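A short write-up of the structure that comes next.
The values are calculated or read from the model by the stated rules, or taken from the named source; none is laboratory data. Note that the coordinates shown come from a computational prediction; the quantities given were computed from them, not determined experimentally. Positions of Cβ are generated from backbone atoms using ideal geometry, with glycine treated the same way; all protein chains shown enter the neighbour counts. Quick note on the areas: whole protein, heavy atoms, side chains included, nothing else; ligands and nucleic acids left out. Shrake-Rupley method; radii C 1.70, N 1.55, O 1.52, S 1.80 Å.
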Amino acid sequence: MLLYFFNPTVTSLRGVQQTTTLTKVQKRLGIRRTSLGALSEAAYVFDAALLHEIVTTLGAQLRPHVPLAEQEALAPLTAVDGSLLPALPRMAWALWQDDQHRAAKMHVAFAVLRQGPVEVTVTAGNGSERAEWRGLVQPGGFYVVDRGYVDYGLFQELHDVPCSFICRVKDNAAYEVQAARTLSPTAVQAGVVHDAVLRRLGTAHHTRLLPQPFRVVQVATGKTRQDGTPDVLVLVTHRLDLDAELIAVAYRYRWAVELFFRWVKCVLGCRHLLSQGLNGVRIQVYAAFIASLLISLWVGRAPTTRTYEMLCFYLSGWATETELIAHIDRLHLKAPPPCKN
């Protein structure tokens, strides 16, 4: 799997099998020639759950990089989102749109200020994101999600866990305001246009009064919609203690998980599945996450394309171990970059 992720020449399971015939690969990895049939069978024989334990163990070792002291309250912030991995029509378990459009989906909890994944599950493409979010939450956690996770009943469950959340809701979401909150100059500068405590989330016909107050924060993006009205994000949370500008910043940090998806799918190559079985897909995804986490723990920051290239050069024989370690040492001298908005 490492040879597949870090060698652009290897693009298929047959390519992985061919590397096992190479004397240098056999000596470096301590393996012997492996048949294509044995590699295919391994995706069904090996237990992917064992790799999942390694992912969570490594994710727990990440340390947060807080760009500003006033954002210390966001240190445990975790973005939760899902991303599709295209599958073949004959992969019947990978239900998505129809018989000709199959996909697997990885559901990821990404620690935005620790710059790495802390939890992941893999399901069929039509797997419920809200159901997976229920399984990913941990007591005391702090989560930020997009509109696909809106579930007023789930919001109350998260409050009772207890854990914190920030969720974007639809622009026309119904709610009853209990009291408006005064905006500070810092909040206005961050784009906040409205901050209020809620007594009900939803319509009076469908939802009861909240057992405890929730909060809605509206944030202008600075963009204009097609109808000429300003684009405004409507965020719901139960964190009444956070400043409004921190709520806005926390949601912007959600984009960190999208950048991670791009790294896993476009750089490591997880868009191409090596196995047609669910267990095999899980092995591939978990192995990719383990590789990414090991790089992060080694260099002390999120993986970059330059580091990926250096690892490729090393595993291809073009770079020496001394040159690779020198590259890592240079990264340690630089401050980790802030999470992109």
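Looking across 295, 290, 283, 325, one residue alone is under 27 Å from residue 76 (Cβ atoms), open to solvent by 20 Å² or more (accessible area, probe 1.4 Å) and in a helix (DSSP H, G or I). It is 290. Restricting attention to the range 268-277, the residues that are closer than 21 Å to residue 79 by Cβ and open to solvent by less than 40 Å² (accessible area, probe 1.4 Å) total 2. Total residues in the range 13-24 satisfying the condition of being open to solvent by less than 90 Å² (accessible area, probe 1.4 Å) and either in contact with a Leu (Cβ under 7 Å, 6 or more places away or on another chain) or basic (Lys, Arg) (or both): the figure is 4. Here the range 191-208 is the region considered, the condition is being modelled with pLDDT under 90 and not in a loop (DSSP other than H, G, I, E, B), and the residue that is nearest to residue 169 (Cα to Cα) is 201. In the set (1) surrounded by 15 or more Cβ atoms within 10 Å (Cβ to Cβ); (2) farther than 20 Å from residue 267 by Cα; (3) at pLDDT 90 or above; (4) in contact with a Ser or Thr (Cβ under 9 Å, 6 or more places away or on another chain), the condition left unmet by residue 33 is number (1).
Against the numbered list (1) farther than 22 Å from residue 80 by Cβ; (2) in contact with a Cys (Cβ under 9 Å, 6 or more places away or on another chain), residue 146 comes up short only at (1). The set of residues in the range 219-267 being surrounded by 18 or more Cβ atoms within 10 Å (Cβ to Cβ) and of a type in the set (S, T, N, Q) consists of 237 alone.
Would you be able to tell me the number of residues in the range 209-241 that are polar (S, T, N, Q), touching a His at 6+ places or on another chain (Cβ under 9 Å) and not in a loop (DSSP other than H, G, I, E, B)? Counting residues in the range 209-241 that are polar (S, T, N, Q), touching a His at 6+ places or on another chain (Cβ under 9 Å) and not in a loop (DSSP other than H, G, I, E, B) gives 1.
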